[in-house]
Amino acid sequence: MIGSVGELAARTWAHLQPQDRVWLADLARRAGAGARVALVGGAVRDALLGGTPLDLDVVVEGADAGNLTAGTGLPAVVHPAFGNATLILPDGRHADLVRARRESYPVPGENPVPEPGTLTDDLRRRDFGLNALALVIGPEGGVTLLDEVGGLDDLRARVLRPLHPASFHEDASRLVRGARLAGRLGLEAHPELLRQVQGALAMAERTPRLHAELRLLLGEPRPGRAARVLEEWGAGALLPGGALERLEALDARQEAGQTVPAQAYAAALLSSAPDPDALAARLGLGEKPGSLLARALGDAPAAPTSPEGILRALLRPDAYPVLTGRDVLALGVPPGPAVGAALAHLAALRRAGRVRSLEEERAALSAYLSGHP
């Protein structure tokens with residue numbers, strides 16, 4: 001990433017989708033000369049790295065975000081008490097408009113207390129330097145890149161640097177968010193980040209937002225990479241023992257060209273927990289990952305490329321494709337209740353460990369049929 005600040009601003013603007021440039025420019029025009037409208041955070045970071053940002057966060061200084069939202073003509077949910085709004089863009093994406101604010105943490109681990117502030121305040125309250133960049137859109141359509149905290153240098157060095165000495169103590173979820181970014185973008189930890197890891201671990205149980213970040217980790221393109229980052233930073237204890245290896249094994253399947261859904265990663269994480277139900281509740285995963293895990297550990301037939309089949313190969317490498325009702329019919333069992341009885345007999349043998357391969361099932365079925373004409 002090279003170029004003057006002006007060139008980088010133009011490059012960031014060019015990386016936005018054309019329709020996003022239109023509504024952002026209109027927003028800045030309606031905000032007026034006395035206000036500032038800025039695209040902030042991950043969208044600016046990703047555009048500077050050469051990507052096309054999809055998630056847009058906009059900070060407004062000196063104007064009412066709700067009134068500006070109403071003028072866009074886009075569907076929106078306005079939060080008057082906070083001066084914020086969420087727009088629904090024509091392609092279904094969401095964009096958040098928030099008033100500029102500063103924050104304090106009277107009680108570390110709990111939600112921060114926001115107060116109205118300037119755009120500079122808003123950038124300085126953020127987690128990492130490379131997430132504190134802003135693209136200010138002028139009322140006449142010009143754009144300016146604002147770097148209040150040295151975020152451009154961090155981005156050039158591809159390093160994650162917390163902005164405050166007590167950043168992770170105040171909000172331990174920032175540790176997991178950093179690992180997600182590092183795993184996705186190939187970033188290195190600044191020494192200040194590593195210094196704060198123990199403080200984050202000490203506050204983990206008192207930071208409910210950390211569980212939400214762990215849930216988001218499972219939705220990363222390669223969750224195993226983020227888990228490996230946590231391990232390398234000395235924070236592997238945030239995940240159950242054995243979870244890292246299972247998540248990385250699923251990453252390897254993706255890298256080999258297989259599609260692995262986020263639910264499979266969630267189920268793999270649960271499989272490594274002493275109490276999967278408790279972990280699912282703590283992370284807010286819902287019932288689907290647990291149900292998927294139960295199916296993977298069961299004996300019902302599953303295609304190798306299905307989520308159940310992928311998990312079964314991971315968790316039960318010695319598992320084999322068991323005989324199905326169609327197979328039983330083909331081997332001479334008459335249609336009707338006898339098929340169910342034969343399948344139940346084979347399932348009981350599997351649970352007892354008396355059959356361990358498809359060949360042994362066939363032999364067991366033959367013996368069963370010979371004893372039950």
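None of the figures in this text is laboratory data; all of them are computed from the coordinates on show. In this text the structure is predicted, and so the values were computed from the model without any measurement. Note that we place each Cβ from the backbone using ideal geometry, even for glycine, and neighbour counts take in every protein chain shown.
As an exercise, use a Förster radius of 41 Å and the Cβ-Cβ distance of Val22 and Ala313 to find the FRET efficiency, rounded to the nearest 0.05.
Approximately 0.30, to the nearest 0.05.
So if R0 is 41 Å, what FRET efficiency would Ser291 and Ala14 give, r being the distance between their Cβ atoms, rounded to the nearest 0.05?
After rounding, the FRET efficiency stands at 0.35.
Length gain on complete extension for the stretch Ala347 to Ala262, per 0.36 nm per residue less the alpha carbon to alpha carbon distance?
Using 0.36 nm per residue and subtracting the Cα-Cα distance, I get 27.6 nm.
Sort out for me the Cα centre separation of the range 100-139 from the range 5-44, rounded to whole Å.
After rounding, the separation between the Cα centres reads 18 Å.
Please give the length that would be gained between Tyr368 and Tyr320 if that part of the chain were fully extended, namely 0.36 nm times their separation in residues minus their C-alpha to C-alpha distance (nm, one decimal).
So the extension gain works out to 15.3 nm.
With label points built 7 Å along Cα→Cβ from the Cα atoms of Leu194 and Glu255, find their separation and express it in nm.
Those two pseudo-labels are separated by 2.3 nm.
Sort all Cα-Cα distances of the range 141-209 into consecutive 5 angstrom bins from zero, then give the percent of pairs in each bin up to the one containing the longest distance.
3, 17, 23, 22, 16, 8, 5, 2, 1, 0
Which value at 222 nm does the chain reach when only helices count, each DSSP H run of 4 or more adding -39,500 (n - 2.57), with the total divided by all residues and rounded to the nearest 500 deg cm²/dmol?
-14500 deg cm²/dmol
Gap in Å between the Cα centre of the range 312-355 and the Cα centre of the range 191-270?
Result: 36 Å between the Cα centres.
Pick the calculated volume of the Cα convex hull per residue in Å³ for this structure from [x] 136; [y] 161; [z] 170?
For volume of the Cα convex hull per residue in Å³, the calculated option is [z].
Assuming R0 = 25 Å, can you tell me the calculated FRET efficiency for the pair Ala303 and Leu331, based on Cβ-Cβ distance, to the nearest 0.05?
0.70
At Val113 and Arg354, where each label point lies 7 Å from the Cα along Cα→Cβ, what is the point-to-point distance in nanometres?
7.0 nm
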